[in-house]
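Nothing in this text is a laboratory measurement; each read-out follows from the coordinates by a stated rule. Keep in mind the model is a prediction, meaning the values are calculated, not measured. No Cβ is skipped: glycine too gets one built from the backbone with ideal geometry, and neighbour counts run over all protein chains shown.
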């Protein structure tokens, strides 16, 4: 098995999750840490015993197999496209791109490249999410009749002021939808299947003197399988309360909450509690290990079966586009999968 040389671009909050996993893999060599802030890049390189750079384009002159993009959202697509054009495999943190149009460009680049492209929707790999998905696929509870997702978190003034790229459409691409709630949107459509239309509303209700993006959003989602879903997300709560997803089915229901999966059927409730121990932020989940392992396995085997690819990753961007457009036009928006912004 070939030993793969890897680099991480962006040494902010999420990068240690990637770095710790790569450092533990026998057939991966973490070669470079890149950040425009030299002190961050140098500190990360010292921690993981590798080289550092402040200009990511210099990686194109290096012997490299895989790059992990952990940068602000607006850099995801242009960086990924450059590496794909050089046949270097790319794993990008969520979101896939700044917006749906940028995501389509990235997909086109991936289709022209022999390299692999994956996106980090790691919560799909959490134990109870996997369990719920298998139950739905087996129709143990019958077909889905409804689904809801709730995200009520807290982001204060300092959260935005401490990162100059957050809070602006040009650099973050949006607010609560594309940042805090995007994993919940991903799970809703992963569980429920394709969404054909959305009727939504977005608003900035707190800190409108600091940010231009939305801090609150709600939507009714109309699924192709002929049931409806409801979604609500806000950054205006007093704390980061646990995300909740509830799925009603013909013969019972499932509720995902914190580290638990409650399954109701025939008057009985089964409670599955997963091992959610993590050294990082709890709401990141613990699926990065499985996600990264699968991505590298696909590179070694030249397969796609373990990777959340760009075609999967763009689905949330189209949902976000649908909710935003519906709110602007005050009407139901039908998802089309076209190339428009």
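If the elastic network links every pair of Cα atoms under 10 Å, which of 302, 35, 215 fluctuates the most in the Gaussian network model of the chain?
Most flexible of the set in this elastic network: 302.
According to a simple spin-label model (label point 7 Å from Cα along Cα-to-Cβ), what is the distance in nm between residue 157 and residue 328?
Roughly 3.0 nm, to one decimal.
Tell me, in nm to one decimal, what length is gained between residue 289 and residue 241 on full extension, where the rule is 0.36 nm per residue of separation less the Cα-Cα distance?
Working: separation 48, 0.36 × 48 = 17.28 nm, distance 2.43 nm.
Once the chain is fully extended between residue 289 and residue 241, it gains 14.8 nm.
7 Å from Cα along Cα→Cβ at both residue 137 and residue 226: what's the point-to-point distance in nm?
Reported label-point gap for residue 137 and residue 226 is 2.5 nm.
Which angle from 0 to 90°, rounded to the nearest 10, does the C-alpha axis of helix 127-138 make with the longest principal axis of the chain?
That helix lies at roughly 50 degrees to the long axis.
Taking Cα centroids, how far is the range 119-143 from the range 33-62 in Å?
Comparing the Cα centres of the range 119-143 and the range 33-62, I get a distance of 37 Å.
Among bridges DSSP assigns within the chain, what percent are antiparallel (round to 5)? All intermediate terms of the calculation are to be shown ahead of the outcome.
Details: 42 of 70 bridges.
Taking every DSSP beta bridge with both residues in the chain, the antiparallel ones total about 60 percent.
Any chance you could give the angle, 0 to 90 degrees and rounded to 10, that helix 182-192 forms with the longest Cα principal axis of the chain?
Between helix and principal axis, roughly 50 degrees.
Can you tell me how much longer the chain between residue 264 and residue 57 gets when fully stretched, taken as 0.36 nm per residue apart minus their C-alpha distance, in nm with one decimal?
Details: separation 207, 0.36 × 207 = 74.52 nm, distance 5.27 nm.
Between residue 264 and residue 57, full extension yields an extra 69.2 nm.
Please identify, among 89, 306, 13, the residue showing maximal mean-square fluctuation in a Gaussian network model of the chain using a 10 angstrom Cα cutoff.
13
Run the paramagnetic zone check for residue 165: 7 angstrom along Cα to Cβ, then residues of the range 90-128 with backbone nitrogen under 11 Å.
93, 95, 98
How high is the relative contact order of the range 200-274? Use alpha-carbon pairs under 8 Å, at least six apart in sequence, and give a whole percent. Numbers along the way, then the final one.
Working: 109 pairs, mean separation 12.1, N = 75.
Reported as a whole number, the value is 16 percent.
Treating the angle as unsigned and between 0 and 90°, give the value, to the nearest 10°, between the Cα long axis of helix 310-329 and the longest Cα principal axis of the chain.
Taking Cα atoms only, the helix is inclined about 60 degrees.
Estimate the FRET efficiency between residue 27 and residue 302 by the formula 1/(1 + (r/R0)^6), using the beta-carbon distance for r and 22 Å for R0, to the nearest 0.05. Don't skip to the end; give the middle numbers.
Numbers: r = 15 Å, r/R0 = 0.69.
Computed FRET efficiency for residue 27 and residue 302: 0.90.
Which residue fluctuates most in the GNM of the chain (Cα springs below 10 Å): 194, 95, 72?
Highest fluctuation among the options: 194.
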